[in-house]
1. If we sort 223-235, 276-288 on the protection proxy, mean other Cβ atoms within 10 Å, highest first, what's the order?
2. For region 106-214, what does the relative contact order come out to in percent, with C-alpha contacts under 8 Å and a separation of six or more?
3. Ordered by residue, what ³J(HN,Hα) values in Hz, to whole numbers, does region 259-269 give under the Karplus form 6.51 cos²θ - 1.76 cosθ + 1.60, where θ = phi - 60° and Gly and Pro are x?
4. Going by a ≥ b ≥ c, the root eigenvalues of the Cα gyration tensor, does region 181-333 fall in the rounded group (a/c under 1.5), the prolate group (a/b larger than b/c) or the oblate group?
5. With θ set to phi - 60°, apply the Karplus curve 6.51 cos²θ - 1.76 cosθ + 1.60 along region 210-227 and write out the HN-Hα couplings as whole Hz, x wherever there is a Gly or Pro.
6. Using per-residue counts of other Cβ atoms within 10 Å, averaged over each peptide, order 251-262, 68-79 from highest down.
7. According to a simple spin-label model (label point 7 Å from Cα along Cα-to-Cβ), what is the distance in nm between A120 and H139?
8. Per DSSP helix of 4 or more residues, -39500 (n - 2.57); summed, then divided by the residues of the chain. What does that give at 222 nm, rounded to the nearest 500?
Amino acid sequence: MTPDEALRRIAFLLEWGGASPYRVRAFHTAADAVRDLPPGPVDAAQAERLRGVGPVTAEVISQASTGAVPRYLARLQAEADPAALAGWDLAAASTGDCHLHSDWSDGGSPLEDMADAARALGHQWAVLTDHSPRLAIAHGLSPARLKSQLEAVAAVNSRMGPDFRLLTGIECDILDDGSLDQDEDLLGRLDIVVASVHSKLRSEPEPMTARLLAAVRNPHVDVLGHCTGRIITGRGRPQSRFDADAVFAACAEAGTAVEINCRPERRDPPDDLLVQAAAAGCRFAVDTDAHAPEQLHWQSTGYARAARIGLGADRLITTWSLGRLLTARSGRQ
């Protein structure tokens with residue numbers, strides 16, 4: 001048991017139990033703060049001097065720093081149902097994240113910071129998926145800018161070392177006819193392509209279904225992003241209507257993963273469609289759609305949702321090794 005692991009596990013179990021998001025975030029913030037602590041015992045007073053650490057999280061850090069299970073965590077684990085513990089096992093098995101944004105499009109941080117944060121969380125890989133050209137409001141990447149980004153990613157990887165790799169990718173708009181908003185040759189050069197609908201979200205079911213079917217059958221597409229486009233906070237946005245049976249069957253047949261989008265305002269697909277996609281035999285990508293480093297911890301919410309419906313790690317491509325992920329990708333093309 002390390003302080004980071006203990007704090008993350010507490011955050012997960014609190015979230016599973018419906019605790020306040022602010023309370024959950026306090027444990028994630030403390031986990032971020034202990035990354036640079038040297039190994040070995042830390043007293044609570046020393047821990048409390050860290051930025052973002054309070055009396056409760058300081059006690060957890062102090063107890064975990066000796067290798068013990070902190071009392072706070074022990075109590076939560078004793079009270080947790082088996083599904084919650086299975087959910088944590090899935091979250092702990094995470095190896096990567098297929099959907100991250102940087103300040104090259106509408107993210108708020110440099111791609112270097114996103115890569116460093118993903119590695120600090122223990123990921124082996126993460127995919128940079130800035131927007132494609134049509135999404136001008138998000139400063140989508142033209143072919144020329146995407147080519148420049150490929151060079152920037154290579155430069156980041158040159159200093160990362162063997163334990164982490166930032167993968168090249170894109171969140172590509174699915175156009176009205178189901179085609180993709182980027183040059184075919186460039187799409188073929190990328191490691192992972194997430195395809196998402198960002199326009200005409202209130203189309204009739206028939207054209208929306210045709211649009212999604214064309215995209216998920218495209219050999220360049222690895223992940224169907226936030227499939228309904230819904231927003232569940234603020235003024236909200238209703239989910240798109242489409243033939244879910246047909247779309248999820250096509251995803252399962254093509255090997256295109258359905259994204260479990262972990263953004264709090266999305267939580268897409270809804271529970272009923274998530275169950276439907278699981279029954280269809282789909283693979284899933286548990287993705288944060290993070291636009292800032294601190295949003296990477298959202299991934300645990302997606303693993304909790306996956307555990308609640310009985311999905312195992314083999315169905316979740318974000319628990320796969322880098323080699324398996326890329327081999328599966330090359331096998332689909």
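1. Ranking the peptides 223-235, 276-288 by packing returns 276-288, 223-235.
2. That works out to 26 percent.
3. Ordered by residue, 3J(HN,Hα) equals 6, 9, 7, 9, 4, x, 7, 10, 6, 10, x Hz.
4. It is rounded, given that a/c, with a ≥ b ≥ c, falls under 1.5.
5. Rounded to whole hertz, the list is 4, 4, 5, 4, 4, 5, 5, 8, 5, x, 7, 8, 9, 9, 8, x, 4, 5.
6. The packing order, highest mean first, is 251-262, 68-79.
7. With each label point 7 Å from Cα toward Cβ, the separation is 2.2 nm.
8. Calculated from helices alone, the mean residue ellipticity at 222 nm is -13500 deg cm²/dmol.
Since every read-out is calculated from the coordinates, none of them should be taken as a lab result. Keep in mind that what you see is a predicted model, and the values were worked out from it rather than measured. With ideal geometry, Cβ positions are generated from the backbone for all residues, glycine too; neighbour counts draw on all protein chains shown.
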